[in-house]
1. With the requirement that a residue be over 15 Å from Glu54 (Cβ atoms) and not hydrophobic (A, V, I, L, M, F, W, C), what does region 9-32 give you?
2. Residue by residue through region 6-45, note down the ones that are small (Gly, Ala, Ser) and in contact with a Ser or Thr (Cβ under 6 Å, 6 or more places away or on another chain).
3. If we scan region 3-26, do we find a residue that is β-branched (Val, Ile, Thr) and in a helix (DSSP H, G or I)?
4. Would you point out the residue of region 20-54, among those that are within 10 Å of the chain's Cα centre (by Cα) and free of Cβ contacts under 8 Å to residues at least 12 places away in the same chain, that is nearest to Met1 (Cα to Cα)?
5. On the given criteria, is Ala2 surrounded by 11 or more Cβ atoms within 10 Å (Cβ to Cβ) and among the small types (Gly, Ala, Ser)?
Amino acid sequence: MAYRITEECLACGTCMDSCPHNAIVEGDIYKITDACQNCGTCAEACPVGAIVEE
């Protein structure tokens with residue numbers, strides 16, 4: 001299981017703030033890095049559901 005951020009991302013920073021592994025980097029659409037431990041915290045925190053399991 002892995003997570004990715006879709007184009008619905010608002011770049012609001014909620015996922016980045018919630019990530020205990022500092023695995024999300026800023027951009028027009030945020031990106032999840034290899035530091036991701038697949039805990040799902042970011043997906044739960046996203047206010048628009050832009051983080052999905054692959």
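Taken together, the values in this text are just the output of simple stated rules run on the coordinates, not laboratory data. Quantities reported herein were computed from a predicted structural model and do not represent experimental measurements. Here the Cβ positions follow ideal geometry from the backbone for every residue, glycine too, while neighbour counts run over all protein chains shown.
1. Gly13, Thr14, Asp17, Ser18, Pro20, His21, Asn22, Glu26, Gly27, Asp28, Tyr30
2. Result: Ser18, Ala23, Ala45.
3. yes
4. Checked region 20-54; the qualifying residue nearest to Met1 (Cα to Cα) is Thr33.
5. no
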